[in-house]
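To keep things clear, I will list the structure first and then write my remarks on it.
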Amino acid sequence: MSSSVAYHLCPRHPEAHLFDVCCEVRQPHPEGQVFTLPAWIPGSYMIREFARHIVSIRAEANGRPVTLEKLDKASWRAAPCQGPLTVSYQVYAWDLSVRAAHLDRSHAFCNGTSLFLRPRGLEQLPCQVHIEPPPGEDYQDWQLATSLPRDGAAPWGFGRYRADSYEDLVDHPMEMGRFERVDFSVCGVPHHLVLTGQSRFHRERLARDLETLCCWQMELYGPPRLEEPYLFLVMAVGSGYGGLEHRSSTALICDRSDLPPPGLADGDYPEGYVRFLGLCSHEYFHRWNVKRIRPAAFLDQDLGSEAYTRLLWLFEGFTSYYDDLCLVRSGVISETAYLGLLGKTLTQVQKGPGRRVQSLADSSFDAWIKYYRQDENTPNAVVSYYTKGALVALCLDLALRHGSGGTCSLDTLMQELWRDCGAGRGLEEEEIFARVAALGGPALGRWLRAAVSGTEELPLARHLGRFGVRLDWEAETRLPWLGLRLGSETGEARVSHVLSGSPAEQAGLAAGDILVALGGGRVTRQNLDTLLAGLTPGEPVSCHYFRHDLLAVTPLVPQAPPAEKAVLTPLRGGAARRRAWLGSPA
């Protein structure tokens, strides 16, 4: 065995959701080799403690047991021994998401951060990985999909694979089972989509649309062009949405109904399908922006503790701007459809009181404890670096276009970052402001700094107006407004969030309260709107509710609904200006 670190992986017990994993080190540290399991996965900024899923662990060398001493929650040290040293362990996998691992009799999905121990001090060594299917006749027709380079395994088959380093090893998720495959080419580079989950869909349509949007992104960044194949791993479920980026692949989860149905007519784009294409576009854009153009703080991560950066508004927010923009610029969706998607983003940001409290820079830095650990007060205290970051990107793009007469745009900035940082140099936090100042002038650099470090409203109407789009704000409903949100449970009207400054907050209501009567009428989740229609803004009503099983009553004064819904209207005579921005076909 030529490599110094070798792994063996087998989903040996699908019925019990257990993976068997071995890690072999040929030359362990003479004072005792230390092994650790990551606490988080790149792209999802939350400590997840993957080591809690290790069920059992043992070590041996030359056929004899070796003592393992647990050093902390995710680290073990083997007693000094002569190699090769093998650590064998079982991992419980029952997290149906893109972030961890899931195993049952229908399929296996896993990320390396959930399964592969890291031998400390040997992270830069190449790795060999031997992957087996579950034992038994029931699994003889399983296949394996991963972007890991093959090292003897047949295409889509089990066997031997390789990785250049530990970081490379854990950047290739795997899907095992009986899946459907869609193949297409992007600028001559092979691309594949693997779909797990019972679903009927329009294969040709999906391949054509993905090829179109991926080609647009490939051409946007230009040289040096990425020549390695790319893999979309898709889990279709009854209800789900999410994605996680990797250098040569992405893991996605979606509703089955979001896939294009068989017989979908050309030019017809159902809302769910557009949502799925936007998700694919977002994760594919990360192929450049975050996986290769990276914050300096993300270089040489040990994955055992947080990696702090104030730049997620750029790496996630700018990507969120481009995900839907790519759809319209490539001609996949219409200009009207794009403005509808942009209006939803504007509305989502406007409805969150947290935008007046937290800056984008702070939201980025505190993602570990706030954005990824949401609670009942999150809407009041947190702003999304995804959605508001996308709006900053929108303003910056239009400001660059306007100030340069169309010779410079956000595309220019992204291409510059790709040329200068794509080969592995990390982007420093202060560097982005200098780059924007160099492209658009010192005033624009200062504006960007203020926009991401402060909480002032963004000049959206002005920028959109310059490019042929009028922005108006209107109430989302005609019903009187209470400023509370109900949970997803059916039946009882249980409060999930109370917005700051709202009538509900002033009345003393809180998350967890169960509304039972409003103005004398019984409240349920289903009839709340009907009761609200009978109220008058400014006129108090009694609100009865349970808190901790005790009945309470409070006066509640509904207000007129706030103007939080964005309405984007194409201006007459603005078609050329819109086309200069959106690049949509004439």
Item to check | Selected residue (criterion: surrounded by the most Cβ atoms within 10 Å (Cβ to Cβ)) from residues of segment 1-38 that are among the small types (G, A, S) and farther than 15 Å from A101 by Cβ | outcome: A6
Item to check | Residue count for segment 160-189, restricted to those that are part of a strand (DSSP E or B) and either in contact (Cβ under 8 Å) with a residue 40 or more places away in the chain or under 17 Å from F116 (Cβ atoms) (or both) | outcome: 10
Checklist entry - Is it fair to say Q143 is among the polar types (S, T, N, Q) and modelled with pLDDT under 95? => result no
Checklist entry - From the list A510, A552, which residue is at pLDDT 95 or above and over 27 Å from Q348 (Cβ atoms)? => result A552
Checklist entry - From the list L471, L479, L448, L515, which one is under 27 Å from the mean Cα position of the chain (by Cα), within 29 Å of V357 (Cα to Cα) and of a type outside the set (K, R)? => result L448
Checklist entry - Quick one: in segment 126-152, which of the residues that are of a type in the set (A, V, I, L, M, F, W, C) and under 25 Å from E245 (Cβ atoms) is surrounded by the fewest Cβ atoms within 10 Å (Cβ to Cβ)? => result I131
Next on the checklist: Any residue that is outside any loop (DSSP other than H, G, I, E, B) and over 27 Å from the mean Cα position of the chain (by Cα) - is there at least one of those in segment 30-44?
Outcome noted: yes
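Okay, residues lined up against (1) at pLDDT 95 or above; (2) among the polar types (S, T, N, Q); (3) under 17 Å from E180 (Cα atoms):
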site: S199; (1), (2), (3): no, yes, yes
site: W216; (1), (2), (3): yes, no, no
site: R225; (1), (2), (3): no, no, no
site: G242; (1), (2), (3): yes, no, no
site: L259; (1), (2), (3): yes, no, yes
site: L279; (1), (2), (3): yes, no, no
site: Y284; (1), (2), (3): yes, no, no
site: K291; (1), (2), (3): yes, no, no
site: L303; (1), (2), (3): yes, no, no
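Table: residues versus (1) within 17 Å of C10 (Cα to Cα); (2) acidic (D, E); (3) assigned to a strand (DSSP E or B).
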| site | (1), (2), (3) |
| --- | --- |
| I57 | yes, no, yes |
| E60 | no, yes, yes |
| R77 | no, no, yes |
| Y89 | yes, no, yes |
| V98 | no, no, no |
Next on the checklist: Going through D324, D302 one at a time, which residue ends up being acidic (D, E) and buried (at least 20 other Cβ atoms within 10 Å of the Cβ)?
Outcome noted: D324
Next on the checklist: Quick test for you: out of G491, G465, pick the one residue that is out of contact with any Asp or Glu (no Cβ under 6 Å at 6 or more places or on another chain) and assigned by TED's automatic domain parsing to the domain that holds N527.
Outcome noted: G491
Checklist outcome for this item: Checked against (1) in contact (Cβ under 8 Å) with a residue 12 or more places away in the chain; (2) farther than 18 Å from E474 by Cβ; (3) not in a strand (DSSP E or B), P537 satisfies every condition except (2)
Item to check | Count of residues meeting criterion [assigned to a strand (DSSP E or B) and of a type outside the set (A, V, I, L, M)] in segment 566-585 | outcome: 2
Next on the checklist: Any residue that is surrounded by fewer than 17 Cβ atoms within 10 Å (Cβ to Cβ), modelled with pLDDT of 95 or more and among the aliphatic types (A, V, I, L, M) - is there at least one of those in segment 384-396?
Outcome noted: no
Checklist entry - Inside segment 92-138, can you point out the residues that are hydroxyl-bearing (S, T, Y) and more than 10 Å from M176 (Cα to Cα)? => result Y92, S97, T113, S114
Checklist entry - Is segment 223-246 home to any residue that is among the aliphatic types (A, V, I, L, M), more than 23 Å from Q415 (Cα to Cα), in contact with a helix residue (DSSP H, G or I) (Cβ under 6 Å, 6 or more places away or on another chain) and part of a strand (DSSP E or B)? => result yes
Checklist outcome for this item: For segment 499-521, pairs from a residue that is within 21 Å of G534 (Cα to Cα) to a residue that is charged (D, E, K, R) and not in a loop (DSSP other than H, G, I, E, B), with Cβ under 6 Å and 6 or more apart or across chains, are I514/R494
Next on the checklist: So the check is Cβ under 7 Å with 6+ separation or different chains; which pairs have a first residue in segment 198-209 that's closer than 16 Å to V332 by Cα and a second one that's in a helix (DSSP H, G or I)?
Outcome noted: D209/L277
Checklist outcome for this item: Flagged pairs (Cβ under 8 angstrom, 6 or more apart or on separate chains; first in segment 560-586, closer than 11 Å to V469 by Cβ and charged (D, E, K, R); second assigned to a strand (DSSP E or B) and modelled with pLDDT of 95 or more) are R578/V469; R578/P570
Checklist entry - Can you pull out the helices (runs of 4 or more DSSP H) entirely within segment 323-421 that have at least 1 residues that are touching a strand residue (DSSP E or B) at 6+ places or on another chain (Cβ under 7 Å) and over 19 Å from W313 (Cβ atoms)? => result 335-350
Item to check | Selection status of T309, touching a strand residue (DSSP E or B) at 6+ places or on another chain (Cβ under 6 Å), of a type in the set (S, T, N, Q) and outside any helix (DSSP H, G or I) | outcome: yes
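The values are calculated or read from the model by the stated rules, or taken from the named source; none is laboratory data. These numbers were taken from a predicted model, which means no experiment stands behind them. Counting neighbours? That spans all protein chains shown, and the Cβs are built from the backbone with ideal geometry, glycine included.
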